[in-house]
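Trainee: The structure follows.
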Amino acid sequence: MRAAATQKGLTLIGFAIVLIVAGFFAYGAMKLIPVYTEYFGVVKSMKSLQSQAGIETATIEDIRRKLNVNFDLQYVDDRSIPEKNIQLITKDGQHKLRIFYDKDVPFMYNVDLLVHFDNTVDLAHGSTY
């Protein structure tokens, strides 16, 4: 009878390396999930603004005021999006709302993650670009 000459499995050092790599990506996900959750709240606020009556003729100040109310409901931090990054684009009688901002997330020591968000919605038709 012949026994198996080779062993199968993961060594302790191999397991530690796999754990370190998985931990690195899990840590990155823990840092980025709240940022993306906030962005989805911004998008949801923009889409709820589309369905309001008379929004296509509203001024940018009215839109910002309504957005701030929606941001509070969606747990969006008001400091994340400066007022200058909320724009009303009017072209050929069409009104589009654009929100763009960057989020800088501290990751490790002197390494940060920079995430850029940019979303535009058509206030007259309810379509997203």
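Read-outs throughout are calculated quantities, based only on the coordinates presented, and are distinct from any laboratory measurement. Because the structure is a prediction, the values reported are computed rather than measured. Glycine gets a Cβ as well: all are built from the backbone with ideal geometry, and neighbour counts include every protein chain shown.
Trainee: Tell me, rounded to the nearest percent, the portion of alpha carbon pairs in region 62-129 spaced more than 21 Å apart.
Mentor: Across region 62-129, Cα pairs with separations above 21 Å total 35 percent.
Trainee: Kirkwood Rh over alpha-carbon pairs of the chain, then Stokes-Einstein at 25 °C and 0.890 mPa s: what D in µm² s⁻¹, rounded to an integer?
Mentor: Roughly 138 µm²/s, to the nearest whole number.
Trainee: To continue, here is another question. Note the angle between two axes, namely the Cα long axis of helix 12-50 and the longest principal axis of the Cα atoms of the chain, as a number of degrees from 0 to 90, rounded to the nearest 10.
Mentor: 10
Trainee: Let me check against my output: what whole-number percent is the relative contact order of region 12-122, with C-alpha pairs under 8 Å and at least 6 apart?
Mentor: 22
Trainee: Would you tally the net charge around Tyr101, using a Cβ to Cβ cut-off of less than 13 Å, leaving Tyr101 out, and scoring K and R as +1, D and E as -1?
Mentor: Taking every Cβ under 13 Å from that of Tyr101, the sum is -3.
Trainee: Scan region 1-110 for chymotrypsin sites (Phe, Trp or Tyr not before Pro) in coil per DSSP, keeping those whose Cβ has at most 12 other Cβ atoms within 10 Å, and list them by number.
Mentor: Tyr75, Tyr109
Trainee: Could you tell me which trypsin sites (Lys or Arg not before Pro) in region 1-58 are loop residues by DSSP with no more than 10 other beta carbons within 10 angstrom of their beta carbon?
Mentor: Arg2, Lys8
Trainee: Can you give the extra length, in nm with one decimal, that the chain gains between Thr120 and Ile89 once fully stretched, where that is 0.36 nm per residue apart less the Cα-Cα distance?
Mentor: Length gained, Thr120 through Ile89: 10.2 nm.
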